[in-house]
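Values quoted throughout were computed directly from the atomic coordinates according to the rules given, and no laboratory measurement underlies them. Note that the structure is predicted; figures quoted are calculated from it, not measured. Cβ sites come from the backbone with ideal geometry, for glycine too, and all protein chains shown count toward neighbours.
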2 protein chains.
Amino acid sequence: MKTTVVEQQPLYLGIDGGGSKCQVVLMSAENEVLAEGLSGPANPLRGMQLATESIVDATTQALTRAGLPPATMAQLVVGAGLAGVNLPEYYQLFSAWQHPFASLHLTSDLHIACIGAHQGRDGAVLICGTGSCGLAAVNGQLLEVGGHGFPYGDNGSGAWFGLQLLKQVLRSKDQLIATTLMTELLQAELQCSDTLQLVSHFMHVSPTDYARLAPLVFTAAEHGDGIAQQIVMQGAGHINAIAERLLTIQPAALCLIGGLAYKVEPYLAPAVRQLVVPAAAPPEQGAVWFARQASANARPMGTTA
Amino acid sequence: MKTTVVEQQPLYLGIDGGGSKCQVVLMSAENEVLAEGLSGPANPLRGMQLATESIVDATTQALTRAGLPPATMAQLVVGAGLAGVNLPEYYQLFSAWQHPFASLHLTSDLHIACIGAHQGRDGAVLICGTGSCGLAAVNGQLLEVGGHGFPYGDNGSGAWFGLQLLKQVLRSKDQLIATTLMTELLQAELQCSDTLQLVSHFMHVSPTDYARLAPLVFTAAEHGDGIAQQIVMQGAGHINAIAERLLTIQPAALCLIGGLAYKVEPYLAPAVRQLVVPAAAPPEQGAVWFARQASANARPMGTTA
């Protein structure tokens, strides 16, 4: 019986696909949240198979939770904001994907975050999570800053903070700098105090693994550790620089998003902080808004063709 | 006929196995260089198969060039200084290797560099190549500094310089810092000016790839580029800090080794520079010296057993 209802009114799915997780939301034509789903990485940089499996997995979860049959997937109008699709090769890979949906509208994770945060109005977002990047949308102009990847980009991100922590702990263990509380915190976190074992642990880790260590830098800084305080100031400086670049096109408001945003915010410049507002809706709802706009724009073309 | 000679006198092989290449030298009992060989990476971090293949390949080359039959391999007394064998897991992997030699004596690449540079006498070495690390040997005490790996260690190394270059070029392209001559140099080097293509290029590169870019930083600095000059000062500061730590156990002399050493040397502190001497012999000859000592120490035990 439910499928009859579904066939009459379009169903929308919004996807926020990042390097750590894939968050989806299923919404009705009336903008009502029907269900959510959560799975693993949906970043094509980690491989197309993993990314597409994560997307289908999270979608299946949402349909199940909404009490809808699996076949409903073929009726979904989907908006997806995916980390990495700003790179042409990954955009092409995803465009060529034989997806199981009615339609799939692609953009970057940053773009849907901005749309969601400001509900489609002009504004800016600054993501400080595993990675770091910013986007401002003002009068049709899109300005994107950072987000180039780790370790060459993503300055001030969680991964960046974790890497700085490890670098300084190793320098301290080599007696090249003073001792730091971060050494104790890292050793307690990893249950390991031997330098060679610590190094072995980090030989094949991902940006996400580094980002998990970021809170330890703030803990050490809050306990007066000078080296940690320097890292915090430097990282916040990177985030502040991204924010100030976004402000050059004069967005009326700025949303800080990501697991580390609330840690970094107190260290930002007053001119930046006074523009900060809470996000109105999460990125995956921004993806739904994007899908609505994209499919509304596409429909007349389809009709006249 | 030659094999008869070989059976009478031991032949020594010295191996310097790093992350980029494997250099071997074949030497007579009279310390005469018979032939050399060169192959790919012999760092177990890149995989045991690649490492052992590189070693056998370079050894075969040396035997061929010396006009010796392949079967001579089984008679070689071998000393190997390998990057990574300071990590217990890789030391164990190499110790378990069913090698084709008469005997194999293992130590770190850093140790054989020091032995070669000072011909077995006390002293210190500081490697500034793809990676960075230092070792001082004084009165039986060995002090090792750095060399933990990239990107968390190897500060001031070629890989570090290349990464700093890329980081600052990306920041400059995002207009977060002033323009830098390094952008032009990098774009010319890679024949690519598009930011996304640049980023794609670096998505899966190795420390060796980063290290190849290091000379561009010095070129830009020499042409007055302020951002490049800051990187040079910071990198040289890292190398200087390693040197000063080594000097705490008072080695009489310090050898700077590696492709970037001559670039960094002018920026080191006077107290460090006044101890710098040229290396007496290359690391692979240090490995032969190590094999001689190790087999001489082992022989009486073998005799009495």
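Data table
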read-out: Three-way shape call for segment B:41-124 based on the alpha-carbon gyration tensor, with the a/c threshold at 1.5; value: oblate
read-out: Euclidean distance between Cα centres, segment A:70-133 to segment A:171-203, Å; value: 38 Å
read-out: Distance histogram for segment B:35-87 (every C-alpha pair counted, 10 angstrom bins, percent rounded to whole numbers); value: 24, 50, 23, 2
read-out: Rel. contact order, % - alpha carbon contacts under 8 angstrom, at least six apart, chain B; value: 21 percent
read-out: Three-way shape call for segment A:129-172 based on the alpha-carbon gyration tensor, with the a/c threshold at 1.5; value: prolate
read-out: Residue pairs, from the table A:LYS21/A:LYS173; B:LYS173/B:LYS263; A:LYS167/B:LYS21; B:LYS21/B:LYS173, whose Cα atoms sit over 29 Å apart; value: A:LYS21/A:LYS173; B:LYS21/B:LYS173
read-out: Simple spin-label estimate for B:GLN92 and B:VAL277 in nanometres, 7 Å along Cα-Cβ; value: 4.0 nm
read-out: Shielding score for A:167-174, defined as the mean number of other chain Cβ atoms within 10 Å; value: 5
read-out: Signed unit charges on C-beta, dipole axis of chain B, positive-most listed residue B:LEU50, B:GLN164, B:ALA241; value: B:ALA241
read-out: Relative frequency of Cα-Cα separations exceeding 39 Å in the protein assembly as shown, percent; value: 41 percent
read-out: Highest-MSF residue in chain B out of B:PRO88, B:PRO215, B:PRO44 [GNM, Cα springs under 10 Å]; value: B:PRO88
read-out: Separation of the A:GLN293 and B:VAL205 label points, Cα + 7 Å toward Cβ, nm; value: 3.5 nm
read-out: Convex hull volume per residue for chain A, taking Cα atoms only, in Å³; value: 144 Å³
read-out: Per the axis that maps chain A onto chain B, nearest residue of A (Cβ criterion) and its distance in Å; value: A:PRO151, 2
read-out: Choice from B:CYS192, B:CYS128, B:CYS22 with maximal GNM fluctuation in chain B (Cα, 10 Å cutoff); value: B:CYS192
read-out: Unit charges on C-beta of K, R, D, E only; dipole of the protein assembly as shown, Debye; value: 60 debye
read-out: Segment B:1-141: equivalent-ellipsoid semi-axes (sqrt of 5 x gyration tensor eigenvalues, Cα, Å); value: 25, 18, 13
read-out: Distance histogram for segment B:158-273 (every C-alpha pair counted, 5 angstrom bins, percent rounded to whole numbers); value: 2, 11, 21, 22, 17, 11, 8, 5, 3, 1, 0
read-out: B:GLU184-A:GLU184 FRET efficiency (beta carbon distance; Förster radius 35 Å; 0.05 resolution); value: 0.20
read-out: Cβ neighbours within 10 Å from other chains - mean over B:155-165; value: 1
read-out: Unit charges on C-beta of K, R, D, E only; dipole of chain A, Debye; value: 280 debye
read-out: Bridge type composition, chain B - antiparallel percent by DSSP, nearest 5; value: 60 percent
read-out: Net dipole in debye of segment B:158-273 [+1 Lys, Arg Cβ; -1 Asp, Glu Cβ; about Cα centre; nearest 20]; value: 280 debye
read-out: Top positive-direction residue, dipole computed over segment B:158-273 with Cβ charges, set B:MET203, B:GLY258, B:ALA269; value: B:ALA269
